[in-house]
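**Student:** I am attaching a structure below and will ask some questions about it afterwards.
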Amino acid sequence: MALSLQQVQKQTQRLIMTPQMQQSIQLLQMNSMELEQLIRQEMLENPFLEMADEEEALLTETEPTEEETELITPEEPETGLSDQKAEEQKAAEVEDEPAPERDDKPSPAESGEEAPPDPANEAEGSEEFERFEENDVDWNEQFEDSDSITYTSTREEAEENDFTTYTGATDSLYDSLLRQLRLSRLAGKDMDIGEFLIGNLDYDGYLDCSLENQALMVGYPAELIIPEDAGPTETVDKYLRHLLAKLHSGENPEAFTGMKRKELILRIMARMLSLSYDQAASMKQEELLRRLIARKTKEDYEELKDLHPSDLMLHSVAYRMKTEADRVFDVLEILHEFEPTGVAARDLGECLRLQCEELGVRNRLLYRILDEHLHDLQQKRFKEIARALETSEDDVIDVFTTLSRLDPKPGRSITRERPQYITPDVYVKKVDGKYMYFLNEGDVGRLKVASNYRRMMANKPTRRRGGQNTARAEVNGASKMDGASATATAGTDQATPPAGRWEHFENAAPSEQDAEYASEKYKNAVWLIRNIEKRKSTILRVTEAIMEYQKDFLEKGIEHLHPLTLRDIAERVGMHESTIARVTTKKYVETPRGLFELKYFFSSGLDTDGGEAASSRSIKELLTQMIENEDKRRPLSDQKIADLLRQKGFQIARRTVAKYREQLKILPAKLRKDVR
């Protein structure tokens, strides 16, 4: 078919999201700490954003001031009440309220104190800055669906830097072993081998002997061995296509565009190993990796295929360090003498053996069990081990008791994770018998548009569409800057700017580039504040709906948690389920019952004898309590737990109990049995 250029008309349906909507979704997914970090970054890039002082933030409402509303919405029609209706409604509310009692305190004028500034006397411009007309925002329309309840921040006055937040730097396992290596007798090439081995230890202190790690060690690319962790999907697939094209004598990589990743990897491995695609597809992943390692190290595959991965590791390290496997083993034995005992072991058996040798344990049965029946010992198959080794079951139990006192993960004794403290996003407190909801705003509540930049731009001469130059000057409130008065002459081309710190802008006219920059930054600042306010309202509404639904949980505890789905809350608050999912992601709420993630309150339900559904989380809590209170010598089986739950009125099967137990990471009854 010949290629040709044609004009084709096609109708498609696409979802196009504005930058403001994308920002709103992004903010909704963030928790309070992530939001503060974003605001700090925005403040560095946008000069129109600033943080209000503590006292100013307490006196400032969440809605924009009169001056900000004029700058944002000078010409848009009001969608709410008109001024006259609003004044009539306000007067009616005042008449309904009881008259306050007059106190004996003198007025500010009588006491000689300076009276607070009247908002009516704030500086107002007679005209709007031309570049801001396209950024108009109707705040009444924006918050018309918000609740009338006023939510305030519960931020308490405290020190910014509490001394309890400062802790000493923890010594890592790598640093500890490296320091011991420097004090050892190793030098030269052996020192390099030791550093390489220490660098390949995992968090638990074991030497990573996986075949994937060994393949990476000998030089294969991560895109081929662990493509899921090598980077973005498109980048990895593109690299694999180029690699396959290179193996096919420089063929065009676009010829392999239709291939899936698994097929690309198999064809690359087959090409490297001189196998057909069908042969490579029929082999297990372990065999393919062993063949790749043998190919790279130039050793016979038949000699390596039966080696344990811990022994094969010596050959892989020897190839990487360009030395012999015996020399690597000698260095590894020296690392085994380091503290903590058992570190740099290649498997659990070697780790326990090193600790037994350090303690001076001389028990042949113990070492035989470690070499031959360690897996059976982990499963507590004492009878099978005793029968296989022709010994008594009590002797096997004694070995188990001895080994259970050892540390199977010695690396964790040095490397300890620093605790990550959770900052709640919402507080739920009971006040006078009613539950109140407070948003943890932090520094977010003090974010505002910088008044100095706004006023500076409001007083600058600007160029109108007709080509004539006009100017704006503040008529009132000039005393707030330097105590000087400012006047404006109507019908003239030049207005007198206020005296004081804006004096050097008297004859300055903004360039086209400056005006565009200021307009863009001002628009970004307004939209950021607007989306943050909408985020606050959404989180509070969703949290309040969840807590109202789970009121029995707040009153009686986790046993009375009700089944709940995203659709239930979405119907209550009139939002989409995806919005509810974003709100409850990584958000924590502090309740009288403790600190919980908002997703914690969503769970499936189980039928009860009373006809009501019970939350699966309450079932898990009962299951945990039963196992904690069981007789350790006679632990409860899954069937026994199911029978006990049925007696409490819960219709549950044994396999459901087993599923919940596995989700809670609780061992089966056989492995929970205390044999000591």
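**Student:** What's the total number of residues in region 389-429 that are touching a residue at least 40 places away in the same chain (Cβ under 8 Å), among the charged types (D, E, K, R) and not in a loop (DSSP other than H, G, I, E, B)?
**Tutor:** Qualifying residue count, region 389-429: 2.
**Student:** Do any residues in region 431-455 that are surrounded by fewer than 16 Cβ atoms within 10 Å (Cβ to Cβ) have Cβ atoms under 6 Å from those of residues that are outside any helix (DSSP H, G or I) and at pLDDT 85 or above, where the two are at least six apart or on different chains, and which pairs are they?
**Tutor:** Met436/Lys429
**Student:** For region 173-235, please list each of the helices (runs of 4 or more DSSP H) lying entirely inside it that holds at least 1 residues being under 27 Å from Glu324 (Cβ atoms), in contact (Cβ under 8 Å) with a residue 24 or more places away in the chain and not β-branched (Val, Ile, Thr).
**Tutor:** Counting at least 1 such residues, we get 173-182, 189-199, 211-218.
**Student:** Among the listed residues Lys670, Lys620, Lys586, identify the single one that is in contact (Cβ under 8 Å) with a residue 40 or more places away in the chain, outside the structural domain of Leu403 (by TED's automatic domain parsing) and touching a helix residue (DSSP H, G or I) at 6+ places or on another chain (Cβ under 7 Å).
**Tutor:** Lys620
**Student:** Which of the residues that make up region 247-294 are of a type in the set (A, V, I, L, M, F, W, C) and outside any helix (DSSP H, G or I)?
**Tutor:** The answer is Met259, Leu273, Leu275, Met283.
**Student:** Consider Thr585 against the criteria (1) part of a helix (DSSP H, G or I); (2) surrounded by fewer than 15 Cβ atoms within 10 Å (Cβ to Cβ): it satisfies all of them except one. Which criterion is unmet?
**Tutor:** Failed condition: (1).
**Student:** Which of the numbered conditions does Glu339 fail, given that it passes all the others? Conditions: (1) outside any loop (DSSP other than H, G, I, E, B); (2) in contact with a Ser or Thr (Cβ under 8 Å, 6 or more places away or on another chain).
**Tutor:** (1)
**Student:** Filter region 513-527 for residues that are modelled with pLDDT under 80 and surrounded by fewer than 17 Cβ atoms within 10 Å (Cβ to Cβ) and give the result.
**Tutor:** The answer is Asp514, and nothing else.
**Student:** Only one of Leu667, Leu645, Leu636 is part of a helix (DSSP H, G or I) and over 28 Å from Val542 (Cα atoms); which?
**Tutor:** Leu645
**Student:** Here's a check for you: in region 589-614, which residue that is assigned by TED's automatic domain parsing to the domain that holds Lys659 and without any contact (Cβ under 8 Å) to a residue 12 or more places away in the chain is farthest from the chain's Cα centre (by Cα)?
**Tutor:** Only one residue tops the list, namely Gly611.
**Student:** Does at least one position in region 595-609 carry a residue that is touching a helix residue (DSSP H, G or I) at 6+ places or on another chain (Cβ under 8 Å) and part of a loop (DSSP other than H, G, I, E, B)?
**Tutor:** yes
**Student:** Another one. Give region 574-629 a look and list any residue that's at pLDDT below 85, among the small types (Gly, Ala, Ser) and at negative phi, or say none.
**Tutor:** Listed by number, the residues that qualify are Ser603, Ser604, Gly605, Gly610, Ala613, Ala614, Ser615, Ser616, Ser618.
**Student:** What number of residues in region 259-300 are loosely packed, with under 11 Cβ neighbours inside 10 Å, under 37 Å from the mean Cα position of the chain (by Cα) and farther than 30 Å from Glu324 by Cα?
**Tutor:** Looking only at that region, the number is 2.
**Student:** Turning to a different aspect of this structure: Being more than 40 Å from the chain's Cα centre (by Cα) and not charged (D, E, K, R) is the filter; apply it to region 320-350 and report the residue that is surrounded by the fewest Cβ atoms within 10 Å (Cβ to Cβ).
**Tutor:** Across region 320-350, the extreme among qualifying residues is Phe329.
**Student:** Take Lys383 and decide whether it is surrounded by fewer than 17 Cβ atoms within 10 Å (Cβ to Cβ) and assigned to a helix (DSSP H, G or I).
**Tutor:** yes
**Student:** Looking at region 408-443, which of its residues are under 30 Å from Leu354 (Cα atoms), touching a helix residue (DSSP H, G or I) at 6+ places or on another chain (Cβ under 6 Å) and at pLDDT below 85?
**Tutor:** Passing the criteria: Ile414, Thr415.
**Student:** Answer yes if at least one residue in region 552-564 is under 26 Å from the mean Cα position of the chain (by Cα), outside the structural domain of Gln651 (by TED's automatic domain parsing) and assigned to a helix (DSSP H, G or I), and no otherwise.
**Tutor:** yes
**Student:** Could I ask something else about it? When region 623-655 is examined, which residues are found to be within 24 Å of Gln550 (Cβ to Cβ) and buried (at least 18 other Cβ atoms within 10 Å of the Cβ)?
**Tutor:** Once the filter is applied, which keeps residues that are within 24 Å of Gln550 (Cβ to Cβ) and buried (at least 18 other Cβ atoms within 10 Å of the Cβ), region 623-655 yields Leu623, Leu645, Phe650, Ile652.
**Student:** Exactly one condition in (1) surrounded by 12 or more Cβ atoms within 10 Å (Cβ to Cβ); (2) at pLDDT 90 or above is false for Phe256; which is it?
**Tutor:** The single condition Phe256 does not satisfy is (2).
The values are calculated or read from the model by the stated rules, or taken from the named source; none is laboratory data. The structure presented is a predicted model; accordingly, all values stated were derived computationally and were not measured. In this analysis, Cβ positions are derived from the backbone assuming ideal geometry, glycine residues included, and neighbour counts consider all displayed protein chains.
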